[in-house]
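Right, one structure below, let's go through it.
Derivation of every value follows stated rules applied to the coordinates shown; laboratory data play no part. All of these numbers come straight from a predicted model, not from anything done at the bench. All Cβ positions, glycine included, derive from the backbone under ideal geometry; neighbour counts span all protein chains shown.
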Amino acid sequence: MYDAIVVGARCAGAPTAMLLAQAGYRILVLDKSAYGSDTLSSHLIHQPGVAALARWGLLEQVRASGCPPLQRTTYQVADIRIEGYARGASGQPTEFAPRRRVLDALLVDAAATAGAEYRERCRVTGLLGDGAGRVIGVEGRQGSLSFTEHARLVIGADGMRSTVAELVEAPHSVQDPLLTCAYYMYWQNLPAELELYERTGSWVATVPTNDDATLVLVYFPQSRFEEVRADARRAYQEQIRTTTPALYERMRAGTPVERLSGSGDQRNFFRQAAGPGWVLVGDAGHHKDSITARGMSDAFLQVENLVREVGGTLGGDPEQLDAALVRFARDRDATLAAGYQATLGVARLAPAHEERLALLRAVQSDPELVGIYLDVVAGVTSIDALYTPKLLALL
């Protein structure tokens, strides 16, 4: 029997397995994809997530992969252009945006090094129960072979469309409509920093990543999804041209290096986080629009909170484990609620209110305020921290 089975081996599942294995637990990690495979992602890890990688001893491996540190941010809306540097979190002032084929493989390797057993190309098809409502393991398939494995805890870290969540029938505690559709492409010969461009009905971002490539992401209102997908390449280029003509001109000298990809299924929800013998972590339990790129940093936060709560309970009384899962669920909802609402606000792609524009005009005039504002964007601090005497004097 395993102490825990982790279903999903990406940015929530692999570090969960790593930290539990480091604590001495017997861990099995199952992933439906192949090792080192890519996945749809904005890549961006904000400073709180970077700080987690540093705590885990993995940040230098991200650096060594050739992923550039993102130190300076540009944000433009209307006549306002905010440029500068976030203050950061836990001594980490920069962000990183590694390709997922790089980051996820790195995390799986760290979990395996810690002692977790990793199996790729495994599909979970069912959960085992004790007859009294407690989950005690999984059943699944790896190629043509069927398997069953038992564990004290099954951890669903298998993404927005979580099989574990479906099998336990985890209800949504919060659910909001789809707000955007997003398309992206990788470019070379396109020098860029982390750049964010906002216009009513549009959001464009540039994100430097591995291999001297720049990811250019474009967001549209969900209401335009069918129109956009009919000719996605044309819509992608036109959205960039009308939102940020200067970037559009820069891209003329660039070279697209992979096909255009996109999604109109960016769900917004909180699911019930846990029950007897099971728990959801990362996107499996909570997902929001990728426009603020909070997913990976928030997943790392959930991972550390979960391991902190269940550590010391996996080999003991099941009631103690259940109590730890209740604490994790309560903390998850309280910690992530404000960021969820902030993301919904951005994803609506609504016209900017004049009050907000006045605030941003004041912010752009002062480097200290710029640093605080960029911390807010990255989820380092709340918007309340921006209302300093200096800002109030400028309004």
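What is the magnitude of the charge dipole of the stretch 222-356 about its Cα centre, with +1 placed on the Cβ of each Lys and Arg, -1 on the Cβ of each Asp and Glu, and no other charges, expressed in debye to the nearest 20?
560 debye
Among [x] 5, 23, 31, 25, 12, 4, 0; [y] 4, 19, 27, 21, 15, 10, 4, 1, 0; [z] 5, 26, 36, 24, 7, 1, 0, find the value of P(r) over Cα pairs in 10 Å bins from 0, in percent that was calculated from the structure presented, and write down its label.
Answer label, from the structure shown: [x].
Could you let me know the centre-to-centre spacing of the stretch 59-75 and the stretch 254-318, using Cα atoms, in angstrom?
22 Å
Please report, to two decimal places, log10 I(q)/I(0) for the stretch 159-239 at q = 0.16, 0.18 Å⁻¹ as given by the Debye formula with identical point scatterers on the Cα atoms and no solvent.
Evaluating at q = 0.16, 0.18 Å⁻¹ gives log10 I(q)/I(0) of -0.77, -0.86.
Once phi is turned into θ = phi - 60°, what whole-Hz ³J(HN,Hα) does the Karplus curve with 6.51, -1.76 and 1.60 give for every residue of the stretch 25-37, x standing for Gly and Pro?
3J(HN,Hα) across the stretch 25-37, in whole Hz: 8, 8, 10, 10, 10, 10, 9, 6, 9, 7, 4, x, 7.
Rounded if a/c is under 1.5, else prolate if a/b is larger than b/c, else oblate: which is the stretch 331-374, with a ≥ b ≥ c the root eigenvalues of its Cα gyration tensor?
Oblate, because a/c is 1.5 or more while a/b does not exceed b/c.
Place a +1 charge on the Cβ of each Lys and Arg in the chain and a -1 charge on the Cβ of each Asp and Glu, then give the dipole magnitude about the Cα centre in debye, rounded to the nearest 20.
Its charge dipole is roughly 520 debye.
Quick one: dipole size for the stretch 76-212, taken about the Cα centre, charges +1 on Lys/Arg Cβ and -1 on Asp/Glu Cβ, in debye to the nearest 20.
In total the dipole reaches around 300 debye.
Rank by packing, highest mean first: peptides 149-156, 49-56, 310-317, with packing defined as the count of other Cβ atoms within 10 Å averaged across residues.
Listed from highest to lowest mean packing, they are 149-156, 49-56, 310-317.
Rounded to whole Hz and in sequence order, give me ³J(HN,Hα) for the stretch 156-163 from the Karplus expression 6.51 cos²θ - 1.76 cosθ + 1.60, θ = phi - 60°, writing x for Gly and Pro.
x, 10, 10, x, 4, 9, 3, 5
Sequence gap at least 6, Cα distance under 8 Å: using those rules, report the relative contact order of the stretch 108-159 to the nearest whole percent.
It rounds to 25 percent for the stretch 108-159.
Translational D (Stokes-Einstein, µm²/s) of the stretch 321-395 at 10 °C and 1.306 mPa s when Rh comes from the Kirkwood sum over C-alpha pairs?
111 µm²/s
Over the stretch 171-316, with a single point scatterer placed on each C-alpha, what log10 of the ratio I(q)/I(0) does the Debye formula yield at q = 0.09, 0.10, 0.13 1/Å?
Results for the stretch 171-316 at q = 0.09, 0.10, 0.13 Å⁻¹ read -0.38, -0.45, -0.68.
In percent, what relative contact order does the chain have, based on Cα pairs under 8 Å that are 6 or more apart in sequence?
The value is 21 percent.
Projected onto the charge dipole of the stretch 72-196 (+1 at Lys/Arg Cβ, -1 at Asp/Glu Cβ, origin at the Cα centre), which of His172, Ile155, Ala110 gives the Cα projection farthest towards the positive end?
Most positive-ward Cα: Ala110.
With the cut-off at 19 Å, report for the stretch 11-157 the share of all Cα pairs above it, as a whole percent.
More than 19 Å apart: 61 percent of the Cα pairs in the stretch 11-157.
As a test, work out the antiparallel percent of DSSP beta bridges whose residues both lie in the chain, rounded to the nearest 5.
The antiparallel proportion sits near 75 percent.
Quick one: grab the alpha carbon gyration tensor of the stretch 1-64, order the square roots of its eigenvalues as a ≥ b ≥ c, and give me rounded if a/c is under 1.5, else prolate or oblate depending on whether a/b is larger than b/c.
In terms of gyration-tensor shape, oblate.
Expressed as a rounded percentage, what relative contact order does the stretch 79-212 have, with Cα pairs under 8 Å and six or more residues apart?
Normalised by residue count, the contact order of the stretch 79-212 is 16 percent.
Can you check how the C-alpha radius of gyration of the stretch 257-317 compares to 2.2 N^0.38 Å, as a plain ratio?
1.46
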